[in-house]
């Protein structure tokens, strides 16, 4: 029985680590009105003066439009001459980007929505969304998915001459079959993820042997068409990659902060929880500490000896590996509101964001235990 509970606890921790870890990436996120390419919402932006219609593009806007069209023709291999094109510009800057361009490509057979982000007049993020029909392509119809991926990466060198493209192409040229895989060399980790007819390829650089998920190049394809491009390489600088705090020390610091953590549940103050010795998960990577500057960062998942009030079964704690300072702490499964006054001023609290997901997991865990006991009693 204890083994079953430990297994369920481990599954809960691992599942939550998968759900939460990507949240920390300080990469551009678009407001809902920009993620949704609905024309009515863009009309609202136009009314507010936050977007520029095609008839009012400035000379600079036209230069950015030309860069997008060059990207579509050179890298995505879209036959842009086959389309009527409207360009809208959102002038409101966001995290790490200055302007957003939306292009609507229309023909009798095909419609495509394109959304691109610019930083310092450089296109570094783009989604290509076929709305109707298949994009008019200049590629050979006989091109296979792996050839298309290699050609896309090679075309990026023509579009934007950066030192990292040739190094990545060497890695991709070593691939003989496009399937889910991971390979490494002295500079990059190359990861290929295949799901149905979608392929996602990314290159993540090393820094002193540490994972560097912030500075990453990603390409995504579906049915042989490029759907997504993001080049964050160089967007973040590395403040330090020196790991001063060992994994053992980081876990101990995390345990101490967990024991000091206090929250209120139904008028009761809960504190000084007991942390189990295992299973403890600790991962290290480089993360943004502000000003787009990366530092080594321990991400730690601690299991508790029982379920505490509010459905708390564990803690997620993050420690800066160069200083030992607490960056983040939140109870796993916490469904209420923690006492902010009990936390260090630098602590981030996001427990309530995961309440629904954790609640479902706890229900599943309870059902698994109940089923086990029922089965055992019948025998």
(request) Would you mind computing, in nm to one decimal, how far apart the modelled labels at residue 325 and residue 73 are, each placed 7 Å from Cα along Cα→Cβ? (result) 5.0 nm
(request) Any chance you could get the radius of gyration and Dmax over the Cα atoms of segment 85-165, in Å? (result) 14.9, 42
(message) Please compute the modelled spin-label separation between residue 186 and residue 223, points set 7 Å along Cα→Cβ, answer in nm with one decimal.
(response) 4.4 nm
(request) First measure r as the distance between the Cβ atoms of residue 292 and residue 167, then evaluate 1/(1 + (r/R0)^6) with R0 = 22 Å and state the FRET efficiency to the nearest 0.05. (result) 0.45
(request) Report the percentage of all Cα-Cα pairs in segment 135-262 whose separation exceeds 21 Å, rounded to a whole percent. (result) 50 percent
(request) State the percent of C-alpha pairs, over all pairs in segment 25-235, separated by a distance greater than 20 angstrom. (result) 59 percent
(message) Can you report the principal axis dimensions of segment 133-187 using only the alpha carbons, biggest first, rounded to whole angstrom?
(response) 42, 27, 16
(request) Between residue 91 and residue 283, take the C-beta separation as r, use R0 = 41 Å, and let me know the FRET efficiency to the nearest 0.05. (result) 0.60
(message) Against the empirical 2.2 N^0.38 Å scaling, what ratio does the C-alpha Rg of segment 291-335 come to?
(response) 1.39
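Each reported figure results from applying straightforward, stated rules to the coordinates on display, with no laboratory input. Keep in mind the model is a prediction, meaning the values are calculated, not measured. Cβ sites come from the backbone with ideal geometry, for glycine too, and all protein chains shown count toward neighbours.
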